[in-house]
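The values are calculated or read from the model by the stated rules, or taken from the named source; none is laboratory data. Small disclaimer: the values here were computed from a predicted structure and weren't measured. Neighbour counts are summed over all protein chains in view; Cβ atoms, including those assigned to glycine, are modelled from backbone coordinates with ideal geometry. Side chains included, ligands, DNA and RNA excluded: accessible areas come from the protein's heavy atoms. Shrake-Rupley method; radii C 1.70, N 1.55, O 1.52, S 1.80 Å.
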Amino acid sequence: MEVQINGLTASLIGRLDTPASQETMEALAPLFEQADNTIVLDCSQLEYISSSGLRIFLMLRKQAAAKGGKVIVKGIQEDIRKVFMMTGFLNLFEIED
Amino acid sequence: MNREYQLVLHNDIRQIPELATFVEHIANEANMDVSTALSVNLALEEAVTNVMLYAYPKNTKGQVDIKASILPEKIRFVITDSGIPFDPTEKEDVNVDLSLEDRPIGGLGIFLVRNIMDQIAYCRKDGKNILSMIKTI
């Protein structure tokens, strides 16, 4: 799992499974601090996500809501979209192709 | 004849990639499509992670045993541990329709297992938690 931060955009690359979630959370720390802005999570290269990864998404979304920012989830692949649908996450995030 | 597979892990989440490789292998053997394989992998990760994180007291080494059987048109997975009694089938479901403010951060793991698998059953036997899950393919 790799996280590339470029300004307010984070590109998530690879498998966001349980063991990868802690380092991902740490890598995203700068975006949590800037959650009063519009943050983009580029998921076009995200291959897999488990509940520990969804947790991070939700925490960031809640932080943004509290600070007046928003979170855009960009380019999610079909299988991850299904997980988002199953868990109601499609309604919680702004989804962009 | 049914095909049986087994993987033994410990309560160490760093071993989750081994589980992913195991599930991928079974998915290939069962000619499962990629999308189903991914969701089965997710359900297994959630069920096994739950055991790894919560079944055994901290700093105690414990085992998680994963068995898979490829049957006609379905796969059965059985996860066994010797940890504290825990029945995931009795856990209340997460309400995924809640608003952002009311939405709790956790609780999605078991929810995903229930939603992905077609059947899930729990029993406690000889001091062990036994969770059986069936996925129709």
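Summary of computed values
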| read-out | value |
| --- | --- |
| Dipole magnitude of chain A about its Cα centre (Cβ charges: Lys, Arg +1; Asp, Glu -1), debye to nearest 20 | 360 |
| Signed unit charges on C-beta, dipole axis of the range B:3-136, positive-most listed residue B:LEU100, B:HIS10, B:ILE134 | B:HIS10 |
| Under 19 Å from A:LYS62, Cα to Cα: lysines that are on another chain or at least 8 residues apart | A:LYS70, A:LYS74 |
| Under 17 Å from the Cα of B:LYS74 - lysines, other chains or at least 8 residues apart | B:LYS135 |
| Dipole moment magnitude, nearest 20 debye, the range B:1-124 about Cα centre, only Lys, Arg, Asp, Glu C-beta charged | 440 |
| At q = 0.10, 0.14, 0.15 Å⁻¹, base-10 log of I(q)/I(0) for chain B (Debye sum, equal scatterers on each alpha carbon) | -0.33, -0.64, -0.73 |
| Nearest-0.05 FRET efficiency for B:GLN119 and A:LYS74, computed from C-beta distance (R0 35 Å) | 0.45 |
| Fluctuation leader among B:ASN41, B:ASN115, B:ASN11 - chain B, Gaussian network, Cα springs under 10 angstrom | B:ASN115 |
| Chain B: DSSP helices with Cα axial extent of at least 15 Å and average Kyte-Doolittle hydropathy no lower than -1.0 | B:16-29, B:34-54 |
| Whole-angstrom gap from the range B:15-82 to the range B:97-130, using each part's C-alpha centre | 14 |
| Cα-based Rg of the range A:2-96 normalised by 2.2 N^0.38 Å, two decimals | 0.95 |
| Cα centre as origin, Lys/Arg/Asp/Glu Cβ charges: the protein assembly as shown dipole, Debye | 520 |
| Helix-only CD estimate at 222 nm, as mean residue ellipticity for chain B, using -39500 (n - 2.57) per DSSP H run (n ≥ 4) | -10500 deg cm²/dmol |
| Within straight-line cross-link reach of B:LYS125, aspartates and glutamates at Cα separation under 14 Å, skipping those fewer than 8 residues along the same chain | B:ASP81, B:ASP87 |
| Principal semi-axes in Å for the protein assembly as shown [√(5λ), Cα gyration tensor, largest first] | 32, 19, 16 |
| For A:TYR48, solvent-accessible area (1.4 Å; no DNA, RNA or ligand), Å² | 0 |
| Chain A: calculated mean residue ellipticity at 222 nm from DSSP helix runs of at least 4, using -39500 (n - 2.57) | -12500 deg cm²/dmol |
